[in-house]
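Q: Would you mind keeping the following structure in view while I ask a few things?
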Protein chains: 2
Amino acid sequence: MDTGGNASEDARAEGYAQQARSAFEALRDALSLAFERLEADLPRGAPFGELPAGRFQRTPWQRSDTTGAPGGGGVVGLMRGRVFEKAGIHTSLVHGELSPAMRAQIPGAEHDPRFWATGVSLIAHPGNPNVPAAHCNVRFVATRRWWFGGGADLTPMLDARRTQQDPDSVRFHAALEAACRPHAVADYPRFRRWCEEYFYLPHRRETRGIGGIFFDYLTPSDPAGPNAGATGFAAGLAFATEIGRAFLNAYPELVRGNFLKPFGEAERAQQLVWRGRYVEFNLLYDRGTAFGLRTGGNVESILSSLPPLAAWP
Amino acid sequence: MDTGGNASEDARAEGYAQQARSAFEALRDALSLAFERLEADLPRGAPFGELPAGRFQRTPWQRSDTTGAPGGGGVVGLMRGRVFEKAGIHTSLVHGELSPAMRAQIPGAEHDPRFWATGVSLIAHPGNPNVPAAHCNVRFVATRRWWFGGGADLTPMLDARRTQQDPDSVRFHAALEAACRPHAVADYPRFRRWCEEYFYLPHRRETRGIGGIFFDYLTPSDPAGPNAGATGFAAGLAFATEIGRAFLNAYPELVRGNFLKPFGEAERAQQLVWRGRYVEFNLLYDRGTAFGLRTGGNVESILSSLPPLAAWP
């Protein structure tokens with residue numbers, strides 16, 4: 001990835017991005033299937049059980065780079081269902097040149113504006129306030145450097161359940177810790193702390209939810225020889241996809257454990273307020289949202305993280 | 001306002017701020033009264049006419065400056081009514097030292113961090129989707145420089161009424177133009193254009209509403225002699241308060257012209273979507289929101305601009 005255009009390094013970055021994309025699309029398929037199964041399995045007597053089961057609608061999109069050249073694209077996956085009042089599972093692979101303002105902020109882009117970025121992101125806003133909202137995202141970015149990032153976190157919607165002692169919190173954290181254990185590249189205590197610090201609303205002095213894990217700039221090994229980089233890439237991809245699979249194993253079970261529970265107006269009101277805080281975080285502080293909007297990403301997929309209904313009473 | 005502490009210039013800045021505050025509080029009282037009269041006047045048969053008329057609840061707040069010293073405060077005025085599902089009219093006078101990050105952005109603060117800022121701000125989210133939402137704000141800021149800023153703008157909530165040809169748009173613009181006419185300091189075409197440019201969502205390629213006026217950094221005359229500044233200040237304050245009075249004359253009439261109109265679910269759905277866009281603008285782009293949150297302003301008053309309920313369907 002020389003400014004002069006080192007063809008073999010360019011090909012490596014693009015090859016990595018394509019490999020990561022394949023793995024992320026497989027994750028997307030498995031996550032979508034699990035969510036649609038939850039929709040199908042909601043019993044008739046449960047809250048919202050009288051509504052039809054939701055299915056994901058997939059819409060592909062393409063972007064032009066700032067230079068006018070083709071800049072990749074992605075697929076928006078959206079579901080308005082009965083378990084999930086709104087859920088999005090999106091994949092994308094975008095590439096091109098970063099704007100001057102972005103170059104200063106993205107590692108490895110100082111002297112060469114070219115980038116590749118691919119990811120899968122999931123956001124779930126269940127209708128039943130007893131079911132926590134959730135978010136999971138893994139991504140790969142290459143400039144003159146390359147790295148993985150991502151995480152998964154849980155946002156309970158009832159005041160009483162926003163504690164670390166809640167059984168759902170305990171189980172969710174345990175699943176992520178277990179996913180980190182086999183990976184030498186994963187520093188679980190650091191990633192858990194990072195999540196707490198990241199999903200924080202300073203103006204409210206509140207966390208967004210009960211946490212999870214967050215990691216970024218994860219480059220397992222520096223390419224010291226012709227093949228050393230590949231080893232590091234495979235380790236990073238293995239960890240990133242394991243986070244997706246851990247979420248796939250933990251969250252649908254957690255939904256199933258809550259989706260039969262009845263609720264009233266007071267619980268719905270709490271849910272709408274916590275969703276408002278979710279909007280505040282995403283629009284005021286979320287780096288992914290800012291990155292997406294500034295790089296001409298797909299607005300529908302970036303802002304699909306916003307809840308179907310939110311209140312500031 | 002020397003770094004060394006020029007006592008007479010400090011006293012002048014503080015005196016200006018106190019004068020502006022008095023004028024802004026008088027505006028607040030008149031605006032609150034007009035809104036409460038609308039609440040009282042809604043007929044029983046109108047939408048929401050069966051609900052009790054709303055009244056403003058006023059809550060004073062104080063802030064500590066970053067240095068720990070008293071930093072002024074203000075009064076949050078909030079109403080949850082039947083015409084206004086949520087309305088806020090707030091006044092404040094804050095002072096102290098700007099943080100290093102803010103100094104670089106605020107004119108006149110480069111070499112002296114001290115500031116005074118006072119303002120009145122109004123935000124109205126009517127319940128009936130036929131009634132446009134509105135915002136009005138005037139403020140005075142002093143560092144080593146001083147200036148007035150503010151504006152008023154209208155946000156219709158029905159797709160069909162978000163045009164410049166709509167009678168409400170025409171009347172609203174005409175009222176602001178008339179308010180500018182007697183003031184040599186007011187450049188109406190520029191202020192109207194500034195409003196269009198400011199209340200714009202680049203990621204949506206949409207304006208927030210149908211516009212109005214916006215002005216900032218208005219310093220009618222540079223203080224060339226011991227009393228020249230005072231003349232400029234009086235001209236600025238006269239214009240700023242006239243904007244408030246123009247809004248007071250125009251908006252309640254516009255509410256009255258719409259608040260009897262019936263509406264259905266489709267209109268409510270449109271309103272909730274446009275309110276979502278309102279949230280996007282305020283959290284992603286509004287400078288007042290960013291300034292307030294970063295200077296440790298009162299979160300309840302800053303974020304009272306967010307609508308009671310909003311949708312991202």
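The values are calculated or read from the model by the stated rules, or taken from the named source; none is laboratory data. Just so it is clear, the structure is predicted and the values come from calculations on it, not from any experiment. Positions of Cβ are generated from backbone atoms using ideal geometry, with glycine treated the same way; all protein chains shown enter the neighbour counts. With ligands, DNA and RNA removed, areas are computed over all heavy atoms of the protein, side chains included. Shrake-Rupley method; radii C 1.70, N 1.55, O 1.52, S 1.80 Å.
Q: Could you run the Debye sum over the Cα atoms of segment B:1-67, one equal point scatterer each and no solvent, and tell me log10 of I(q)/I(0) at q = 0.23, 0.25 Å⁻¹, two decimals?
A: The calculated log intensity ratios at q = 0.23, 0.25 Å⁻¹ are -1.04, -1.09.
Q: Please compute the net charge surrounding B:I106, taking Lys and Arg as +1 and Asp and Glu as -1 over other residues with Cβ under 13 Å from its Cβ.
A: With Lys, Arg at +1 and Asp, Glu at -1, the net is +3.
Q: Right, another one. In segment B:7-303, carbon and sulfur make up what percent of the accessible area (probe 1.4 Å)?
A: 53
Q: Moving to a separate point now. So if a site counts as exposed when it's one of the GluC sites (Glu not before Pro), its DSSP state isn't H, G, I, E or B, and it has at most 13 other Cβ atoms within 10 Å, what's the longest stretch of chain B without one?
A: Between exposed loop sites, the widest span is B:111-313.
Q: A follow-up question, please. Give the B-A buried accessible area in Å², both sides summed, 1.4 Å probe, nearest 100.
A: Its buried surface, counting both partners, is about 1800 Å².
Q: What lysines sit close enough to B:K86 to cross-link, taking a C-alpha to C-alpha distance under 23 Å and skipping anything fewer than 8 places away on the same chain?
A: B:K261
Q: From the phi of every residue in segment A:191-203, what ³J(HN,Hα) in whole Hz does the Karplus formula 6.51 cos²θ - 1.76 cosθ + 1.60 yield, where θ is phi - 60° and glycine or proline is x?
A: Karplus values, whole Hz, x for Gly and Pro: 5, 5, 5, 4, 4, 4, 6, 6, 8, 10, 9, x, 5.
Q: So what's Rg/Rh here for segment A:84-196, counting alpha carbon atoms and using the Kirkwood radius for Rh?
A: Looking at segment A:84-196, the ratio lands at 1.06.
Q: Another question, then. What distance in nm separates the simple spin-label points at B:Q19 and B:T67, each placed 7 Å from Cα in the Cβ direction?
A: So the two model labels end up 2.5 nm from each other.
Q: Can you tally the net charge around A:R277? Count Lys and Arg as +1, Asp and Glu as -1, for every other residue whose Cβ sits under 13 Å from the Cβ of A:R277.
A: Its environment carries a net charge of +1.
Q: While we're looking at this one, here's another question. If you place +1 on the Cβ of every Lys and Arg, -1 on the Cβ of every Asp and Glu, and leave all else neutral, what size is the dipole of segment A:7-303 about its Cα centre, to the nearest 20 Debye?
A: 360
Q: Other chains' Cβ within 10 Å of A:276-287 residues: what's the mean?
A: Partner Cβ neighbours, averaged per residue: 3.
Q: In whole Hz, with x marking every Gly and Pro, tabulate ³J(HN,Hα) for segment B:88-93 from phi via Karplus 6.51 cos²θ - 1.76 cosθ + 1.60, θ = phi - 60°.
A: x, 9, 10, 10, 7, 9
Q: For A:R114, what residues show an amide H to amide H distance below 5 Å, using hydrogens built from the backbone and excluding near sequence neighbours?
A: When sequence neighbours closer than 5 places are left aside, the close amide H contacts are A:L98.
Q: In nm, what is the difference between 0.36 nm times the number of residues separating B:E110 and B:E300 and their Cα-Cα distance?
A: Stretched out fully, the B:E110 to B:E300 stretch lengthens by 65.4 nm.
Q: Collect residues whose amide H, placed 1.01 Å from N in the peptide plane, falls under 5 Å from the amide H of A:E206; neighbours closer than 5 in sequence don't count.
A: Long-range HN contacts for A:E206: A:L201.
Q: Could you work out the longest stretch of chain A that avoids the trypsin sites (Lys or Arg not before Pro) located in DSSP loops with at most 10 other Cβ atoms within 10 Å?
A: Within chain A, the longest run free of exposed trypsin sites (Lys or Arg not before Pro) spans A:45-204.
Q: Same structure again: Using only Cα atoms, what is the ratio of the radius of gyration of segment B:7-303 to 2.2 N^0.38 Å?
A: Its radius of gyration relative to the 2.2 N^0.38 Å reference: 1.01.
Q: Can you work out the accessible area per residue across segment A:7-303, with the rest of the protein chains kept in place, probe 1.4 Å, in square angstrom?
A: 42
Q: Same structure again: Please report the Cα spread of the protein assembly as shown along all three principal axes, rounded to whole Å, starting with the longest.
A: On the principal axes, the protein assembly as shown reaches 76, 61, 47 Å in Cα extent.
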